[in-house]
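Before any comments, here is the structure.
Quick note: the coordinates plus some simple rules give every number you see, no bench work behind them. If you're wondering where the values come from, they're calculated on a predicted model, not measured in any experiment. All Cβ positions, glycine included, derive from the backbone under ideal geometry; neighbour counts span all protein chains shown.
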Amino acid sequence: MTPVALGIGVVMLIAAFDDDKGGDFDAPPAGGSLRIGKGGVPPEYAQLILDAAAACDAGLPPAILAAQLKQESGFNPDAGSPVGAQGISQFMPGTWQTWGVDGNGDGKRDVWDPEDAIPAQGKFMCSLVKKGKAHPQYNGSPIELALAGYNAGWGRVDQYRGVPPESFARGETYNYVKNIMAMSVEMAGPEDAGSAGGWTLPVEAPAGTPYHQRGPMWSSGYHTGIDFVVPIGTPIESIGPGTVVTAGPGGAYGNQVVIRHPDGMFSQYAHLSRLTVSKGQKVKGGTRIGLSGATGNVSGPHLHFEIRTGPDYGSDVSPIPYLRKRGLKI
Ligand SMILES: [Zn+2]
């Protein structure tokens, strides 16, 4: 297709989005930026991915779609698979029948054409995220559930009431979800690093219980963050620039704060004794958000800290690589 036609496609997409949302752009969905080029998305697919994510009103970060494309096909539009999956987004023919779109308006719904496949992937994923949001009792965040549904079919997600366990299909779906959640951190844009106050550790203290340590005291069966062992009343800071999306009681997490960063990722600070920010507040790296404590489900005073791809429980990723990528020593 020509660049002119691509331009028209983008304009129409934005116009359609505007109509749907009544022009209200005040509260964008998860959104987020994209690492383009080396170590990230091939430049020729970046706009397609950003548009596909923006077209979803359920909160679908472009970094998730990008990590999914890398996992599915390595960004290869000619990719096939032994079981018959086709193209850059690895649609099965039956799924393409339902979800395939003519994204570039050339009169064909072509599974081998990224300009059709990536918008279709976004549309399908968006519907799966909505299904995930409709099942908050399932094991996994809406995005994890959506990825599992994309890989194994939503019937399996219903069957297992969450992301299928490692015992299902020799771990294929379990690892698919895990890999994409981890890769999405690499796929998120780094341009916010160092701006608007830079990045800092939430507290200067040794890290205790590591990420993914297994144990019966966690509802997920493993530790979803890292712990910093500090006495009650220790000042806790936002690790980077962002907007407070949660500030208040959070069940087993006690008093918690969740901050959305410009890269579309979220940081969470739990078991606080006192909060000094409120929802909607803009913060910088180093802004004090509260004091550490022992509220919620704890065995002693500490800061529980998570990095997430979404605002809610179950979208956690390993915090250490995320922090180190921002120049922090931990
Ligand atoms: Zn913890």
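Annotations
- Only helices enter this figure: runs of n ≥ 4 DSSP H residues, each worth -39500 (n - 2.57), summed and divided by the residues of the chain, yield -10500 deg cm²/dmol at 222 nm to the nearest 500.
- Set of lysines with alpha-carbon distance to Lys123 below 23 Å, sequence-local pairs under 8 removed: Lys21, Lys70, Lys108, Lys131, Lys133, Lys178
- Debye intensity ratio I(q)/I(0), log10, the chain, q values 0.10 Å⁻¹ (C-alpha model): -0.59
- Cα-only Debye scattering, segment 226-325: base-10 log of I(q)/I(0) at q = 0.12, 0.17, 0.24 Å⁻¹: -0.31, -0.66, -1.36
- Here the extension length gained between Ser220 and Ser167 equals 17.5 nm, from 0.36 nm per residue of separation less the Cα-Cα distance.
- Efficiency of FRET between Val83 and Lys38 - r from beta-carbon atoms, R0 35 angstrom, step 0.05: 0.65
- Between Ser89, Ser81, Ser184, the GNM of the chain built on Cα springs shorter than 10 angstrom shows Ser81 fluctuating the most.
- The Cα-based radius of gyration of segment 92-209, divided by its Kirkwood radius, gives an Rg/Rh of 1.09.
- Pair Gln159, Met92: separation of 7 Å Cα→Cβ label points (nm): 1.1 nm
- Point-charge dipole on Cβ atoms (K/R +1, D/E -1) for the chain, about Cα centre, debye to 20: 1120 debye
- Value of relative contact order over segment 97-159, rounded to a whole percent, pairs C-alpha under 8 Å and six or more apart: 22 percent
- Long-range tail of P(r) for segment 182-286 (Cα pairs > 17 Å, %): 58 percent
- A DSSP coil position with no more than 13 other Cβ atoms inside 10 Å describes the following trypsin sites (Lys or Arg not before Pro) in segment 98-136: Lys108.
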